[in-house]
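Below: the structure, in structure tokens.
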């Protein structure tokens, strides 16, 4: 992978409507598929299924985002995430997670305005 430095504006969230369902693509730096999580409502509870590529850490964030968005919008949501920056410190990883969560918050705020 190329030598990429963390730039928060580089992290993007794209939403694709798939019928009633929703696909969120979240990528940054050297984009790739690191994990995919699908969350859905079952008897009032959120259920999540996650698949992660070995040696990738995105599943830790991907799963919680899928569950949060599915609960907020009451629909099935799949999140596919791949973010890579070379040699990130622990603080850099925390910053990436903060930026991703901010992007999700902004998306959900926009969805609530449409209702």
Segments classed as strands (runs of 3 or more DSSP E), wholly inside the stretch 14-115, with at least 2 members that are surrounded by fewer than 20 Cβ atoms within 10 Å (Cβ to Cβ): 21-29, 35-42, 45-52
Conditions (1) in contact (Cβ under 8 Å) with a residue 40 or more places away in the chain; (2) out of contact with any strand residue (DSSP E or B) (no Cβ under 6 Å at 6 or more places or on another chain); number of the one not met by residue 35: (2)
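Values in this text are rule-based calculations from the coordinates and carry no lab data. Just so it is clear, the model here is predicted, and its values are computed rather than measured. Cβ atoms come from the backbone with ideal geometry, glycine included; neighbour counts cover every protein chain shown.
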